[in-house]
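For reference, the structure discussed in these notes is given below.
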Amino acid sequence: ATLAADQSALAEAEFVDNDRLVYAGQNGLELYSVSQQAVLWTGKPATGISVSEDGQTIAAVYRDESCATLYAADTGAQILQVDFSGKKQQVTGNDIFANPNDNLFALNSDGSMLAASFSDGSVRLFDLNTNEVFTVLEQMPEYGHFEGGFSGHYFAFSASGTQDSVFAVLDIQTMEQTGGYQSQYPFSVYTDANGISVQTENILV
């Protein structure tokens with residue numbers, strides 16, 4: 001199948017399961033079924049995408065808009081609009097040419113919490129059940145690259161700039177930091193249901 005994507009290098013695609021692919025399409029966010037060879041539903045314009053681990057919820061953001069939209073994966077119904085209070089994710093000057101993958105945009109396992117980084121160097125967690133907003137990292141303009149996500153009830157992230165990099169893990173049940181490091185070398189973070197992987201220089205833990 002050849003699927004027309006949004007005219008931006010920021011346009012992402014993720015598998016919801018073994019049959020369905022959600023992607024930033026030319027007509028908006030679209031869910032494509034491999035077995036049916038058809039688009040099942042279409043949402044609003046999108047570039048950044050995150051799918052909850054249980055495959056029930058999809059979060060999408062369009063370029064540097066100051067909000068994100070949550071969809072029910074099965075029906076395409078809009079569940080919620082998450083207001084970023086004027087904050088925006090980073091977008092390059094020419095986003096048609098390249099995607100530096102500097103933004104953090106992630107749902108937790110059951111789609112009840114969204115994590116996002118912003119162009120002012122801050123990171124926030126949005127509790128989608130209570131509408132509470134937690135500032136994980138205050139405005140730090142010196143940081144321009146963010147990575148991370150959720151693993152169980154933990155949220156791990158890194159923020160990197162030209163001078164240094166920080167890495168931290170939070171228990172989202174207590175909203176307390178359980179660990180953290182700072183280094184002159186960038187941290188890279190990968191999370192999934194099996195755990196948290198952190199890399200810096202030639203060391204992977």
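A compact table of results
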quantity: Residue in segment 148-165 that is free of Cβ contacts under 8 Å to residues at least 12 places away in the same chain, open to solvent by 30 Å² or more (accessible area, probe 1.4 Å) and not acidic (Asp, Glu) present; calculated: no
quantity: Residue that is under 26 Å from residue 192 (Cβ atoms), within 15 Å of the chain's Cα centre (by Cα) and open to solvent by 10 Å² or more (accessible area, probe 1.4 Å), where the choices are 19, 102, 64, 74; calculated: 102
quantity: Segment 87-99, residues that are within 15 Å of the chain's Cα centre (by Cα) and either part of a strand (DSSP E or B) or not basic (Lys, Arg) (or both); calculated: 89, 90, 91, 99
quantity: Residues (modelled with pLDDT of 95 or more and at positive phi) located in segment 176-205; calculated: 195
quantity: Boolean, residue 114 is in contact (Cβ under 8 Å) with a residue 60 or more places away in the chain and open to solvent by less than 10 Å² (accessible area, probe 1.4 Å); calculated: yes
quantity: Hits in segment 167-205 (condition: assigned to a strand (DSSP E or B), under 20 Å from residue 124 (Cβ atoms) and open to solvent by 30 Å² or more (accessible area, probe 1.4 Å)); calculated: 176, 177, 178, 180, 196
quantity: Flag if residue 136 is in a strand (DSSP E or B), open to solvent by less than 40 Å² (accessible area, probe 1.4 Å) and touching a Ser or Thr at 6+ places or on another chain (Cβ under 7 Å); calculated: no
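The values are calculated or read from the model by the stated rules, or taken from the named source; none is laboratory data. Fair warning: this is a prediction, and the values are worked out from it, not measured in the lab. No Cβ is skipped: glycine too gets one built from the backbone with ideal geometry, and neighbour counts run over all protein chains shown. Surface accessibility is based on the protein's heavy atoms, side chains included, excluding ligands, DNA and RNA. Shrake-Rupley method; radii C 1.70, N 1.55, O 1.52, S 1.80 Å.
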